[in-house]
Amino acid sequence: MKIKSILIANRGEIAIRIMQTAREMGIKTYAIKTSKEPGAWYLDEADELIDFTETLNDTPEFLDIERIIAAVKEHKIDAVHPGYGFLAENPVFARRCEEENINFIGPSSEVIYNMGNKTVAKELARKNNVPLLRGSKGTLLNASYAVKMADIIGYPVILKAAAGGGGRGMRVVEKAADVERMYNLASNESAKAFNDPSMFIEKYVRNPRHIEFQIMADKHGNVIHLGERECSIQRKHQKLIEESPSPALDKELRDKMGQAAIAIAKAVGYYSAGTVEFLLDVDRSFYFMEMNTRIQVEHPVTELVTGIDLIEQMIRIAEGEKLPFTQEQIKLKGHAIEFRINAEDVQSGFSPSLGVIEKISWPEGDNIRVDTGVREGSVITPYFDSMIAKLIIYGEDREKALQASSNAIKKFWIKGTKTTLSFCRAVLQNGNFRKGNFDTSFLSSELTIHYHSEPEEEMLAAFFAVYDYARDLEEAEGKVPNTEKGKRITPWLLNKRLR
Amino acid sequence: MAEQQSGNSKAKLTKLIALSSTQNEYTFSNPLEKTVKYKGEKLPVKLYEDPNGFSYILWKNKKYPLEIIEKKQNKYTVMLNGVWHSFTVETPFSLKRKKFLEAQEGVSATVTIEAPMPGKIVEVLVEEGSEIKTGEPVIILEAMKMQNEIASPIDGTIKKIMVRKNDSVMKEDLLIEIDRD
């Protein structure tokens, strides 16, 4: 069944990204307009808008399953692409689409359900001989059972919420005395966030790499992988920089891990694009973590090294087409790195930085790709996540990609909000990162100062402060004409003059 | 009197000091002349704005985008090349006075823990008078759906607890005072 129209049940850069491919394929696109960002860029890129600006209930617009289903039926739209986040991995939404004969661009609701429950997913991996970390077979009964399990597994252990994600409901425990307290913390957190307090426990790999494999599978049983993504540069389990290929993998290990990823996808009856996440230990042993049943934020790095448009393949698979390539035809060429640019204050513990983007100067060039949903005048609201852009750099090899990244970041300026660009500069300055020698502990152990500034930069900033102050003083004394009277005079100066 | 005041102002104009939050001192003898003496070199700086609305400082043939993001009396926060720097601008006299006052106070024996972000107190793990080691958790704060442990930055004794379980706190609200060992 050819898809003639798609509703993108998402916003920001991923909505724009999906619309680009849909437009190239001659598919009509629909976007959802909300009252939270009625002037957002993604709305201009859509062919048609669905108006959700009127609030009907307390459910956030992009999570309102029945409202979205009703809109799709009303406008007779063929398919829905959920992007990432929101309803992308919600089995209820996928099932409602199936029931209403709406083509959900993703895997089946059953697969989403099975992979979303970590206990089920792990059981499936175990049955298919994919290596797993030692841990509890199911969810833990209570805290004292957790202590017994931890003694068997050996410390350190990690307690994880069965329904958790994004770092919530997770605690690393180093010694028996802490297990009970940490169990209660994580379990309470999960009960509040996911309405499910159930926990499991497993062996904690101290300094692993986070390696994930991109899977592409059609509805005819063909499953291939498109290589790996290295996602070890993280802060509190949030990825910040991703690259492909990983500096830690060679062909042998790539084949081995790739086959394990394919085995899991086949076992669950997967179709569409998906991602199998592994932890990789220093001794090259790897462990299955989870499968993400959606397009990932970091998909562009895979697109750049494989030359394949992942969104296009997702749409074609949803239409029932067979994969146009075999595993042997997939060649990883060159190296790609993605930097997530978030509106966050790196110098204050990455706290969100709200405001209006006043000015942007984007880097431009042949090997530079920017995926973004913001432009000058865009408002950073507290309603959505803080990512404002992805800077993706391609090079013939890792060294060249790193060099190009440094150059691009020098030309990338944003005025009006604090961003993680200063963090990206700091990472690129780090010797071990440049050597490819890092793991998920990079931010906590290696890069202890999360931003980069040369000594002369502080001096120049100091000069600018003093210069501005001296000018204010001169103006106050009438030595220079004050063109912006009232605007530049500080209350402090005013007090002085009154005296 | 009037003469004297104008004389003071002149002194201020000829020499100003930026004291950074990182405790570095930068002295500029006449900032309005736009020359900077740094590491024994005296070099000109240029300030300009491009048509796109970005302000730059040009120094040693390198341009750095910059803006003042906060200005309150003599307190400045300047964003330069994506990193912010905080300063107080001082005259030689006010700096001397500031240092004198700080020396009078001495190194504070009491450390105050503030809420790093707005949220709700889930648990207070210590009592007034209890001993605490660096890195030991004192409070659990729930914020942005995460339960965060707040750890003691020093070895010491809990002097005062200002919050209770289930209290809502704002960023920088005082939580606990600890006496240094």
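What to note about this one:
- Checking A:E338 against (1) in a loop (DSSP other than H, G, I, E, B); (2) of a type in the set (D, E); (3) under 18 Å from the mean Cα position of the chain (by Cα), the condition it does not meet: (1)
- Selection count, region A:262-283, where residues are modelled with pLDDT of 95 or more and under 26 Å from A:F438 (Cα atoms): 7
- Note on region A:304-322: among residues that are more than 17 Å from A:F213 (Cα to Cα) and surrounded by fewer than 20 Cβ atoms within 10 Å (Cβ to Cβ), the one that is nearest to the chain's Cα centre (by Cα) is A:E312.
- Within region A:24-51, tally of residues that are within 13 Å of A:Y383 (Cβ to Cβ) and of a type in the set (A, V, I, L, M, F, W, C): 1
- Filter result for B:E70 (in a strand (DSSP E or B), surrounded by fewer than 17 Cβ atoms within 10 Å (Cβ to Cβ) and either of a type outside the set (S, T, N, Q) or without any contact (Cβ under 8 Å) to a residue 60 or more places away in the chain (or both)): yes
- Of all residues making up region A:96-122, the number that are assigned to a loop (DSSP other than H, G, I, E, B) and hydroxyl-bearing (S, T, Y): 1
- When every residue of region A:226-239 is checked against the conditions, at least one turns out to be in contact (Cβ under 8 Å) with a residue 40 or more places away in the chain and in a loop (DSSP other than H, G, I, E, B).
- On inspection, B:V89 qualifies as in contact (Cβ under 8 Å) with a residue 60 or more places away in the chain, facing chain A (nearest Cβ under 9 Å) and assigned to a strand (DSSP E or B).
- Looking only at region B:131-162, residues that are surrounded by fewer than 18 Cβ atoms within 10 Å (Cβ to Cβ) and in a loop (DSSP other than H, G, I, E, B) come to 10 in all.
- The lone criterion from (1) out of contact with any Pro (no Cβ under 6 Å at 6 or more places or on another chain); (2) surrounded by 22 or more Cβ atoms within 10 Å (Cβ to Cβ); (3) not in a loop (DSSP other than H, G, I, E, B) left unmet by A:S190 is number (1).
- Residue list for region B:46-86, filter: at the interface with chain A (Cβ under 7 Å from one of its Cβ atoms) and among the aromatic types (F, W, Y): B:F54, B:W59, B:Y64, B:Y76, B:W84
- Residue in region B:98-112 that is out of contact with any strand residue (DSSP E or B) (no Cβ under 8 Å at 6 or more places or on another chain), surrounded by 12 or more Cβ atoms within 10 Å (Cβ to Cβ) and farther than 22 Å from B:D179 by Cβ present: yes
- Count - residues of region A:372-406 that are over 28 Å from A:L63 (Cα atoms) and either more than 14 Å from every other protein chain (Cβ to nearest Cβ) or in contact with a His (Cβ under 7 Å, 6 or more places away or on another chain) (or both): 14
- Filtering region A:135-171 to residues that are loosely packed, with under 15 Cβ neighbours inside 10 Å and closer than 30 Å to A:E89 by Cα leaves A:K137, A:G138, A:L141, A:N142, A:G166, A:G167.
- Scope region B:144-176; condition over 19 Å from A:R181 (Cβ atoms) and within 13 Å of chain A (Cβ to nearest Cβ); matching residues: B:M144, B:K145, B:K171, B:E172
- Residue under evaluation A:E243, criteria (1) over 21 Å from A:R17 (Cβ atoms); (2) surrounded by 20 or more Cβ atoms within 10 Å (Cβ to Cβ); (3) not hydrophobic (A, V, I, L, M, F, W, C), criterion not met: (1)
- Qualifying position, being part of a loop (DSSP other than H, G, I, E, B) and more than 13 Å from every other protein chain (Cβ to nearest Cβ), among A:R126, A:R206: A:R206
- Qualifying positions in region A:444-471 - surrounded by 18 or more Cβ atoms within 10 Å (Cβ to Cβ) and either over 21 Å from B:K62 (Cβ atoms) or in contact (Cβ under 8 Å) with a residue 12 or more places away in the chain (or both): A:L447, A:Y451, A:H452, A:S453, A:Y469, A:A470
- Meets criteria (touching a residue at least 40 places away in the same chain (Cβ under 8 Å), crowded, with 21+ Cβ neighbours inside 10 Å, of a type in the set (A, V, I, L, M, F, W, C) and in a helix (DSSP H, G or I)) for A:M291: no
- Those residues of region A:63-95 which are surrounded by fewer than 20 Cβ atoms within 10 Å (Cβ to Cβ) and part of a helix (DSSP H, G or I), in sequence order: A:L63, A:I65, A:E66, A:R67, A:I69, A:A70, A:A71, A:K73, A:E74, A:V92, A:R95
- Of everything listed in (1) closer than 30 Å to A:E376 by Cβ; (2) facing chain A (nearest Cβ under 9 Å); (3) buried (at least 17 other Cβ atoms within 10 Å of the Cβ); (4) at pLDDT 85 or above, the single unmet condition for B:M117 is (4).
- Meets criteria (modelled with pLDDT of 95 or more and farther than 25 Å from A:S378 by Cβ) for A:E66: yes
- Of residues in region B:3-53 being part of a helix (DSSP H, G or I) and at pLDDT 90 or above, the one surrounded by the fewest Cβ atoms within 10 Å (Cβ to Cβ): B:E33
- Looking across region B:109-130, the residues that are assigned to a strand (DSSP E or B) and closer than 20 Å to A:L185 by Cβ come down to B:I113, B:G119, B:K120, B:I121, B:V122, B:E123, B:V124.
- Cβ-Cβ under 7 Å pairs, at least 6 apart or on other chains, region B:27-45 side at the interface with another protein chain (Cβ under 9 Å from one of its Cβ atoms), far side of a type in the set (G, A, S) and not in a strand (DSSP E or B): B:P31/A:A470; B:L32/A:A470
- Answer residue from region A:408-443, given it is at the interface with another protein chain (Cβ under 10 Å from one of its Cβ atoms) and within 21 Å of A:S246 (Cα to Cα) and is surrounded by the fewest Cβ atoms within 10 Å (Cβ to Cβ) among those: A:A426
The values are calculated or read from the model by the stated rules, or taken from the named source; none is laboratory data. All figures in this text were calculated on a predicted structure; none of them were measured in a lab. Reconstructed Cβ throughout: ideal geometry from the backbone, glycine too, with neighbour counts over all protein chains shown.
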